[in-house]
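Step one of this worksheet: look at the structure below.
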Amino acid sequence: MSDKVIKRTRDWLEQVVIGLNLCPFARKPFQAGRVRFVVSDSRNLETLLADLHEELERLDHTDAEHIDTTLLIIPDQLEGFYDYNDMLDLADALLEQEGWSGTYQLASFHPAYQFAGTEVDDPGNFTNRAPYPILHLLREASLDRGLASYPDAEQIPERNIATLRGLSDAQWQSLFGGRPGTQP
């Protein structure tokens, strides 16, 4: 099952995140093979946090030229977005507790991701929707380098929302199985 989960996640990363340029910093490490895909087989928060700790330790002991970033994929729990969101507080607390704040950062993705103040079917939510709940472990140094070399980086979220709103029905169907708010 892990191979299928990784393939589906890799396809999403390549087609949606990189294909739509939602993250202008993703292409280079992906093409260089420096993105690690890990499936957590955890079924409870304690084991998931242990998996997260293990992956952060791995990043801590591995040069960025070998592993720049990690996608920790969580296929067997946290199906509800609010449960996932609650877990993020624990994950951030782990970073703080271990002294990794400022060294690593977590980005969050979920199949039902919803930004505060938006409707469920708002196309902007799809900037953070993924096939499974995912914790994206980022190196702050890599992120800082990318942001420094990218003009108007603060405009990325607005540009991404505009990109998603501008997709044709055929593109929505191909990437997500249909336009938000429509019946498949």
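The values are calculated or read from the model by the stated rules, or taken from the named source; none is laboratory data. Every value quoted in this text rests on a predicted model; they were computed, and no experiment measured them. Cβ: placed from backbone, ideal geometry, glycine included. Neighbour counts: every protein chain shown.
If you filter segment 132-184 down to residues that are of a type in the set (S, T, N, Q) and not in a loop (DSSP other than H, G, I, E, B), you find that the one that is nearest to Leu48 (Cα to Cα) is Ser142. Being under 23 Å from Leu147 (Cβ atoms), touching a residue at least 12 places away in the same chain (Cβ under 8 Å) and in contact with a strand residue (DSSP E or B) (Cβ under 8 Å, 6 or more places away or on another chain): is that true of Leu22 here? Answer is no for this residue. The residue pairs whose first member lies in segment 144-171 and is closer than 23 Å to Thr69 by Cβ and of a type in the set (Phe, Trp, Tyr), whose second member is at pLDDT below 95 and not in a helix (DSSP H, G or I), and whose beta carbons are closer than 7 Å, counting only pairs six or more residues apart or on different chains, are Tyr150/Pro24.
Looking only at segment 59-79, decide whether some residue is of a type in the set (Ser, Thr, Tyr), touching a residue at least 40 places away in the same chain (Cβ under 8 Å) and in contact with a helix residue (DSSP H, G or I) (Cβ under 7 Å, 6 or more places away or on another chain). Checked against the condition, which is being of a type in the set (Ser, Thr, Tyr), touching a residue at least 40 places away in the same chain (Cβ under 8 Å) and in contact with a helix residue (DSSP H, G or I) (Cβ under 7 Å, 6 or more places away or on another chain), segment 59-79 yields at least one hit. Among the residues of segment 170-177, none qualifies, meaning not one is over 15 Å from Val17 (Cα atoms), surrounded by fewer than 17 Cβ atoms within 10 Å (Cβ to Cβ) and touching a strand residue (DSSP E or B) at 6+ places or on another chain (Cβ under 9 Å).
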